[in-house]
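Here the structure comes first, spelled out in C-alpha cells, and everything after it is commentary.
The values are calculated or read from the model by the stated rules, or taken from the named source; none is laboratory data. Note that the coordinates shown come from a computational prediction; the quantities given were computed from them, not determined experimentally. Glycine also receives a Cβ, built like all others from the backbone with ideal geometry; neighbour counts cover every protein chain displayed. The accessibility values were calculated without ligands, DNA or RNA, using every heavy atom of the protein model including side chains. Shrake-Rupley method; radii C 1.70, N 1.55, O 1.52, S 1.80 Å.
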Amino acid sequence: MTISFHSHEEFFTFHDPLQNGDLIDRKTEIRFDPLTGESSRIIYDMGAPFVPKDYAELAKLTEGEKCPFCTPNVLTSTPRFPDELVEGGRFIHDQAVVFPNLFPYSKHNAVVRMADQHYVTLEQFTTDLITNACKAAHQYIENIVEFDPQTKYVSVNWNYMPPSGGSIVHPHLHVLASEQPTNYQAVITEKSKEYYAKNGENYYLALAEKEQSLGERWIGETGTIRWVHAYAPKSHMDFIGMTKAASLQHLTDEDYENLADGLLRFFTYFTAVGIGSFNLALCIPIQASEAETVHLRLLPRMTVGMLESSDCNVFNYLHAEPLSLKVPEQVTKEVQRFFIEGK
C-alpha cells in the first residue's frame, strides 16, 4: 500500500485554573490528508454534550400553504425546466419531485423535494425516501449530460436543518452540474489523477483496503458502499462513503439503496449522541477513468453552547483549516456498532 498518514503534534504550556493552577501541556494535533496534503486540527474537547434543537414548532409555522415544497404547492409554486429537457417541466419519482432552483448556485442547479411530509426527523427517514430522491436526481443528471455535453462536474448535496445552512425545513437535495468544478472537485480530480499516475491504483479503492486492514478508522460496509472516518477531518466528524462505481453510468439502483442504508445507520448514531443536522456531498464523475470513483462526504453540523454559536469560525472560512473536537479513531469506535448491529 502506498497510502500513508502523517501528523504533527504541538503543545501549549500554561497554568490551568481548572486544574488548581497546575502547569499543563495541552496538545493540538495537525493532520494531513493522505491524498491532498491539506491540513486539519484535532483540538482539545471540553466534553460538552451535543444538544440538538427541536424544530417541531418551526415546522408547524412553515408548513402547508407557507411552504413551496409541500403538496400541492410543489407542482404549482416551483419553477419548471424547459420541455426539451423533460416533458412537463419536472422529474417525478414517487414522492421525489425535481425542479429548477429559483436562485441557482451553478449552470445547472436542480432541487429535489424528497418527501410529501414537511418535517422529517432523522428517525423518520426510510430507505425508499432517500433512494427515490437519489434516483430522481440521477435521472436529472442523465438528461443534463445529454442536453449539455459540456457538463463535466456533478454533485448531489444535502443541507439538513438550519445549522447546516438549510433554509427550508422541508427535506430537499441540491444537484449541481457545470463544466466548472468547485474547489473540492478540482483538487480531488487533480490529486486522484496524480495518485493514479504515480502509484497505478485508484486512491479511493486503495484507501478502503488500507483502512480496513488497519481497523483504526474503518466503519463498515453497506453492500456496495464502504465507509471510513476521514484521517484529517473537515469538521468535528467526517465520514467518507466510497463506491466501486467509476462514473455516473456505473451507478446502480443497488448503490443508491446501499447508500441509503448506510445513511440511516449514521442517522441512528446521530440521534443517539445528540446530533440533529448535517451536510452531505456526493461527487459523481461524468467520464469514467481508472483514477476516480463516486464518493461522498458526510459532516454532522451543530451549534455550540447557550449562544448557539456556529461550529465553523475564522479557521474554517478564512484559513481553510478545519477544526475537530473529536478524535477520528474514537468516533469510529462509537459508530461501528451501528454498522455491526444494524440500524
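A few remarks follow.
- Selection count, region 86-122, where residues are among the charged types (D, E, K, R) and either at positive phi or in contact with a helix residue (DSSP H, G or I) (Cβ under 6 Å, 6 or more places away or on another chain) (or both): 2
- Wholly within region 251-343, helices (runs of 4 or more DSSP H) carrying at least 2 residues that are among the aliphatic types (A, V, I, L, M): 253-273, 328-340
- For region 153-172, a residue qualifies if it is part of a strand (DSSP E or B) and β-branched (Val, Ile, Thr), and the qualifying residues are Val154, Val156.
- Failed condition for His6, given (1) within 28 Å of Lys210 (Cα to Cα); (2) open to solvent by 80 Å² or more (accessible area, probe 1.4 Å); (3) modelled with pLDDT under 95: (3)
- Residue that is farthest from the chain's Cα centre (by Cα), among those in region 69-112 that are over 22 Å from Ser155 (Cα atoms) and in contact (Cβ under 8 Å) with a residue 60 or more places away in the chain: Glu84
- For region 49-57, the count of residues that are open to solvent by 70 Å² or more (accessible area, probe 1.4 Å) and over 25 Å from the mean Cα position of the chain (by Cα) is nonzero.
- Residue selected from region 86-97 under the condition buried (at least 17 other Cβ atoms within 10 Å of the Cβ) and of a type outside the set (Val, Ile, Thr), by the criterion farthest from Asn143 (Cα to Cα): Gln95
- One residue stands out in region 5-46 among those that are in a strand (DSSP E or B) and among the hydroxyl-bearing types (Ser, Thr, Tyr): the one that is farthest from Pro233 (Cα to Cα), namely Thr13.
- For beta carbons closer than 6 Å, sequence separation of 6+ or different chains, a first residue in region 37-58 that is over 14 Å from Thr303 (Cα atoms) and a second that is exposed (fewer than 15 other Cβ atoms within 10 Å of the Cβ) and of a type in the set (Lys, Arg), the qualifying pairs are Tyr44/Arg26.
- Selected residue (only one of Glu190, Glu179, Glu254 is open to solvent by 30 Å² or more (accessible area, probe 1.4 Å), more than 16 Å from the chain's Cα centre (by Cα), of a type in the set (Asp, Glu) and over 28 Å from Pro104 (Cα atoms)): Glu254
- Residues that are open to solvent by less than 50 Å² (accessible area, probe 1.4 Å) and more than 18 Å from Glu257 (Cβ to Cβ), drawn from region 98-118: Val98, Phe99, Pro100, Asn101, Ser106, His108, Asn109, Ala110, Val111, Arg113, His118
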